[in-house]
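Report on the following structure.
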Amino acid sequence: MTVIRALDFETTGLEPPAEVAECGICDYVLDGNVVSEPISWLCGVKEMPPEARAVHHISKAQCDPFVPFGDLTAIVAGDPDAYAAHNAEFELKWFTPDKPMICTYKAALRVWPDAPSHGNMALRYWLEDQGLIALDTAKAQPAHRAGPDAYVTAHILKALFQAGITGKQMVAWTKEPRLLTKCPIGKFRGKPWAEVEAGFLGWMLRQPDMEADLRWNAQREIERRQGEAK
C-alpha cells in the first residue's frame, strides 16, 4: 500500500525563526485511490503577529495550551511512503522529510498550465468545475487552516495521479524550478514566453537579484529558441 501524506503548516511568519502554529495532515492512498480524513493540531508559539493572524485567524491564546512544533511523531506516524504539499518550499522551511517530497503546485503548473490560478483553493474550485475532483465541502473549510488545506492538497494530488502523472515524475518536478507558462514581470507581464522580446529575456538573466525561478524560465525560453533556429 502506497501512502502519500499531504502536509500544511500555518505559521507566525513567512520565514524561520517564525514558528508553526498549526499542522495539518491528510493521506492519499494511491493503491485504493482514497483520501483519508484530515487531522490537524495547534502548536505553542512565542508570539502571533497580527498580519499572520489575519491569514489563518489563529490567536496566541489558542496556541498557548499546546507544545511547540518540533515533535514530528504525528507527521511521520505510519511511515508514509512520501509527502506532498502545495508550494512545498514553504513547508520545507520547517520540516526536513526522510522520504520523497511532491510539490503539487509545481506539478499543477505543468499539468494544467491554463488554469486561471494555481493557488491551493483556486485550483480546487477550478478542478471541481472541470469535474476532476469531488470533495466534502465541510472538510475543506475554513480556508487557510492546516487541516482543510491539507485535505484540498490531497485531492489535488489525487487528480494529478488520475491525469496519468507518476509519483516519480512529480518528485523530479519538485526538485526543479517552477515552470511558468507566462512572464510574470515587467512590460511582458501575462504574456507567453514565446512573445517576450529576446532583449528582455537577456535583461532578466543579467539582473543579480532576479528570482532564480524566473531566471530559469527565461533561460529555458532562450534555449528553446536556439533549438528552433538550428
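All of the numbers you see were taken from the coordinates with simple rules; none came from a lab. Since this is a predicted model, take the numbers as computed values, not measurements. Don't worry about glycine lacking a Cβ; one is built from the backbone with ideal geometry, like all the others, and counts go over all protein chains shown.
The figures follow:
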{"quantity": "Intensity falloff of segment 1-122 expressed as log10 I(q)/I(0), Debye formula with alpha-carbon point scatterers, at q = 0.09, 0.15 Å⁻¹", "calculated": "-0.27, -0.74"}
{"quantity": "Positive-end residue of CYS103, SER36, PHE200, charge dipole of the chain with Cβ unit charges", "calculated": "PHE200"}
{"quantity": "Taking VAL171, VAL152 and counting other C-beta atoms within 10 Å, the order from fewest to most", "calculated": "VAL171, VAL152"}
{"quantity": "Helical segments meeting 20 Å axial Cα length and Kyte-Doolittle 0.0 threshold in the chain (DSSP H)", "calculated": "146-162"}
{"quantity": "Count, lysine Cα pairs under 19 Å in segment 104-230, 8 or more residues apart or across chains", "calculated": "7"}
{"quantity": "R0 of 35 Å, Cβ-Cβ distance LYS175-ASN33: FRET efficiency to nearest 0.05", "calculated": "0.85"}
{"quantity": "The chain: relative contact order in percent, alpha carbon pairs under 8 Å with at least 6 residues between", "calculated": "20 percent"}
{"quantity": "Most mobile of PRO208, PRO49, PRO65 in a GNM of the chain (Cα contacts under 10 Å)", "calculated": "PRO208"}
{"quantity": "Gaussian network model of the chain, Cα within-10 Å springs - most flexible of GLU22, GLU197, GLU128", "calculated": "GLU197"}
{"quantity": "Environment charge of ILE58, counting only residues whose C-beta is closer than 15 Å and scoring Lys/Arg +1, Asp/Glu -1", "calculated": "-4"}
{"quantity": "Rounded if a/c under 1.5, otherwise prolate or oblate - segment 186-229, Cα gyration tensor axes", "calculated": "oblate"}
{"quantity": "(i) 40; (ii) 37; (iii) 27, with the label sought being that of the calculated percent of Cα pairs over 27 Å apart", "calculated": "(i)"}
{"quantity": "Long-range amide H partners of GLY44 with built H, under 5 Å", "calculated": "PHE66, VAL67, PHE69"}
{"quantity": "Net charge of Cβ neighbours under 13 Å - reference PRO68; Lys, Arg +1; Asp, Glu -1", "calculated": "-3"}
{"quantity": "Centre separation in Å (Cα based) which lies between segment 68-109 and segment 168-230", "calculated": "27 Å"}
{"quantity": "Structure-based [θ]222 nm, the chain - -39500 (n - 2.57) summed over DSSP H runs of at least 4, per residue, nearest 500", "calculated": "-11000 deg cm²/dmol"}
{"quantity": "Residue (of ALA6, ALA82, THR181) at the positive-pole extreme of the chain, dipole from beta-carbon charges", "calculated": "THR181"}
{"quantity": "LYS93 versus ARG225: modelled label distance in nm, points set 7 Å from Cα along the beta carbon direction", "calculated": "3.4 nm"}
{"quantity": "Additional length obtainable on full extension of the chain from ASP79 to ALA163, 0.36 nm per residue less Cα span", "calculated": "27.6 nm"}
{"quantity": "Charged-residue dipole, Cβ positions (Lys, Arg, Asp, Glu), the chain about Cα centre, Debye nearest 20", "calculated": "860 debye"}
{"quantity": "Nearby lysines by direct alpha-carbon distance to LYS46 (threshold 24 angstrom, same-chain neighbours under 8 apart not counted)", "calculated": "LYS60, LYS93"}
